Amino acid sequence: MMRKMLLATAFVAVALPALAADGTKVFESVCAACHQSGGKGTPGLAPPLIDPALWQRLGDKAPYYVANVMIGGLSGTITAGGQGYYGLAMPSQAHLSDDELMAAANHVLQDLNGSKIAVTPDLIAGARAAPLGHKALLALRKGVAP
């Protein structure tokens, strides 16, 4: 009996990472359509997601910001990588599963920008329950607490 429990636990421990969404795959299949492969952005359309100044300014609020942008979308005017994006209209990606959102967000933060902080299930749930509006997201992006 004990052996079966140990084998089942080992199976779950090995299988769980395989069941989790792959952030690179989600990003490349959904986000790269606008933000391009590797997050380099499309001038005039979609800002680069490799933006050290933005992530440094956001600091520990970066996961909160990313979760809310992915759930609620973002519209307005921003500056990224020294270029203005006017009439920005990123659609909500709320149709993605929580795992897919979290994986793509963490790909942007960690893989593309080398951050150690991460989007958590609680942040995704919170953004789904009460997403920040576009005005609040733009203020947060500028370093003003919403």
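A simple charge model with +1 on the Cβ of Lys and Arg, -1 on the Cβ of Asp and Glu and nothing else charged puts the dipole of the range 2-141 at about 160 debye relative to its Cα centre.
The HN-Hα couplings worked out from phi for the range 108-123 by the Karplus form 6.51 cos²θ - 1.76 cosθ + 1.60 (θ = phi - 60°) are 4, 5, 8, 6, 7, 10, x, 7, 9, 8, 9, 7, 10, x, 5, 5 Hz, whole numbers, x standing for Gly and Pro. The count of lysine pairs in the range 2-141 that are at least 8 places apart or cross chains, and whose C-alpha atoms lie under 24 Å apart, stands at 6. In this structure, the amide hydrogen of residue 80, modeled 1.01 Å from its nitrogen in the peptide plane, lies closer than 5 angstrom to those of 85, counting only residues at least 5 positions away or on a different chain.
Across the range 34-45, computed HN-Hα scalar couplings (Karplus, 6.51 cos²θ - 1.76 cosθ + 1.60, θ = phi - 60°) run 10, 7, 6, 4, x, x, 6, x, 10, x, x, 10 Hz from first to last residue, x flagging Gly and Pro.
Our estimate of slack between residue 144 and residue 95, defined as 0.36 nm per intervening residue step minus the Cα-Cα distance, is 14.8 nm.
Each residue of the range 84-98 was assigned a 3J(HN,Hα) from its phi angle through the Karplus expression (A = 6.51, B = -1.76, C = 1.60, θ = phi - 60°), giving x, 10, 9, x, 4, 9, 7, x, 4, 10, 4, 5, 6, 6, 4 Hz with x at Gly and Pro. Fewest neighbouring Cβ atoms within 10 Å first, the residues 144, 119 line up as 144, 119.
We did not get these values from a lab; they are worked out from the coordinates using the rules stated. Bear in mind that the values here come from a model prediction, so they are computed numbers and not experimental data. All Cβ positions, even for glycine, are placed from backbone atoms using ideal geometry, and neighbour counts span all protein chains on display.
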